[in-house]
1. For the structure I just gave you, tell me whether residue 258 is touching a Phe, Trp or Tyr at 6+ places or on another chain (Cβ under 7 Å) and of a type in the set (Lys, Arg).
2. So for region 40-51 (the condition being under 30 Å from residue 167 (Cα atoms), β-branched (Val, Ile, Thr), open to solvent by 10 Å² or more (accessible area, probe 1.4 Å) and not assigned by TED's automatic domain parsing to the domain that holds residue 350), does at least one residue qualify?
3. For region 317-329, which positions are buried (at least 16 other Cβ atoms within 10 Å of the Cβ) and not polar (S, T, N, Q)?
4. Which of the residues that make up region 355-371 are surrounded by 16 or more Cβ atoms within 10 Å (Cβ to Cβ) and not hydrophobic (A, V, I, L, M, F, W, C)?
5. For residue 413, are the conditions met, namely being under 23 Å from residue 314 (Cβ atoms), in the same structural domain as residue 287 (by TED's automatic domain parsing) and surrounded by 16 or more Cβ atoms within 10 Å (Cβ to Cβ)?
6. So which of 109, 131 is open to solvent by 40 Å² or more (accessible area, probe 1.4 Å), under 30 Å from residue 184 (Cα atoms) and in contact (Cβ under 8 Å) with a residue 24 or more places away in the chain?
7. Are any residues in region 326-370 among the polar types (S, T, N, Q) and either part of a helix (DSSP H, G or I) or in contact (Cβ under 8 Å) with a residue 40 or more places away in the chain (or both), and if so, which ones?
8. Applying the selection to region 425-442, what residues are open to solvent by 70 Å² or more (accessible area, probe 1.4 Å) and in a loop (DSSP other than H, G, I, E, B)?
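The values are calculated or read from the model by the stated rules, or taken from the named source; none is laboratory data. Everything quoted here is computed from the prediction, not taken from an experiment. When we count neighbours, we look across all protein chains shown, and the Cβ atoms used for this are built from the backbone with ideal geometry, even at glycine. To get the accessible areas, we keep the full protein, side chains included, count just its heavy atoms, and leave off ligands, DNA and RNA. Shrake-Rupley method; radii C 1.70, N 1.55, O 1.52, S 1.80 Å.
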Amino acid sequence: MHSRSFYIKTFGCQMNERDSEIMAQLLSEHGYIETSDSDDSDLIILNTCSIRAKAEQKVMSLLGVIRKQKKKKPNLKICVAGCVAQQEGRQIIERMPHVDLVVGTQNIYQLAELLEHCDKDSVATSLDDRYDIPAFIPAMVDGSSERRPAAFKKFLTIMQGCNNYCTYCVVPYTRGREMSRKVTHILEEANVLVGAGVREITLLGQNVNSYGKTNTVSSSKPDYSFSDLLREVAAIPGLDRLRFTSSNPKDLSDELMRCFADVENLCPQFHLPVQSGSDRILTLMNRKYTRELYLDKVSALRSYSPDIAITTDMIIGFPGETEQDFEDTMSLLEDVRFHGSYSFKYSDRPGTRSAELEGKVDESVKAERLLRFQTRQNEICLEHNRNYVGKVLSVMVEKVEGTALVTRATTNHLVHIADGMRKYTPGETLLAKIVRAGHHSLSGEPG
Ligand code: SF4
């Protein structure tokens, strides 16, 4: 019997990327082989994102395309996973009868079994508040298929779900309530990764700052915190770099910020989503912090790590946003001078409270404001990057292209090195003297 092949298409955030790796491993352990060509596969999995309307539309149009493939190959299995699967559930099969299986965000660990028994219109999207993330050891630190070359850096999920219910966000409805993994499971996974040659780990969660706050993660320390976890993972011999994402500013503790002063391999970069500079809008978003508190956290962070690179997320055109609210966002950008930001036009998400709010901002106004914000952000990026010219940074090789190297600094800046002067492999670190600055990357030579 020929081995069945599978193809995974991942949309959205790092959490989805990590979930796709977990699904790939589980399928490989059940005799499937991964392929990078969907035409060549017996099973197509779309791991979906529903953070914005656009992301969801992309999935639905792709499912339309896949319908033609299934016409040619009737035994082809179609599976929809991720946040759209969780959000829409059975409706996906009603709209797209050629879909065989819908797997929710808490059901990925049962994927292989669900596929074995999947008859027409199987749906597995039970969001369970008592859901406990099972222990999961990466049996293959990649290099297992051409689609997953040997890895020098990895994401490691430490928790799932969120209890914050920001009014625009679907995550609490698609990933459920906050559930933190046991410390022992995380440390075991981290040790396996480092033992297998991984040099950089990024700890993942929707709001890592509240790790261990909603369920017991340590049998020996009831008030075990995220900073405790950071220090334990950082202490694993052989781990060069440690990062984490994402954080809600309201839970950013002094204890966590102090880690940036004394945990050597914790990279000096912090993604701290603010979403708006206007207190009125922050209240409508239910973000539970003020502009002033955010600025206090930023200056405290910079007191522990003066050269830390701070990035953020910004929503432009939230319902009710006035020109003055937007000016508050622009002035916050000036006050913090972010090293970078992910900024988007607001879009209604099904089931969220903000979708019911009055005062929807016109699309053209949103677009004009987004352009103003991104234009100024790009100028600030270049101003920051010019400060690195002449400096020598420690960089990690990410890609080798002939003699050229694509590397990344601890601040998360991309550093392009035209000629590495010798052969390097991904994961190796070297010193680079910065010779040129661009808006979104730096150029350097071996230092
Ligand atoms: S903290 Fe983040 S993930 Fe949680 S509800 Fe708010 S925006 Fe969504």
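1. On the way: touching a Phe, Trp or Tyr at 6+ places or on another chain (Cβ under 7 Å): yes; of a type in the set (Lys, Arg): yes.
Yes; evaluated as a whole, the condition is true for this residue.
2. Yes, some residue in region 40-51 is under 30 Å from residue 167 (Cα atoms), β-branched (Val, Ile, Thr), open to solvent by 10 Å² or more (accessible area, probe 1.4 Å) and not assigned by TED's automatic domain parsing to the domain that holds residue 350.
3. Within region 317-329, 317, 318, 319, 320, 321, 325, 326, 328 qualify.
4. 360, 366, 369
5. Details: under 23 Å from residue 314 (Cβ atoms): yes; in the same structural domain as residue 287 (by TED's automatic domain parsing): no; surrounded by 16 or more Cβ atoms within 10 Å (Cβ to Cβ): yes.
The answer is no for residue 413.
6. Numbers: 131 fails: open to solvent by 40 Å² or more (accessible area, probe 1.4 Å).
Only one candidate qualifies: 109.
7. Matches in region 326-370: 329, 331, 347, 352, 354, 364.
8. Within region 425-442, the first condition is being open to solvent by 70 Å² or more (accessible area, probe 1.4 Å), and the residues that meet it are 425, 431, 433, 436, 439-440.
Those that are open to solvent by 70 Å² or more (accessible area, probe 1.4 Å) and in a loop (DSSP other than H, G, I, E, B): 425, 439, 440.
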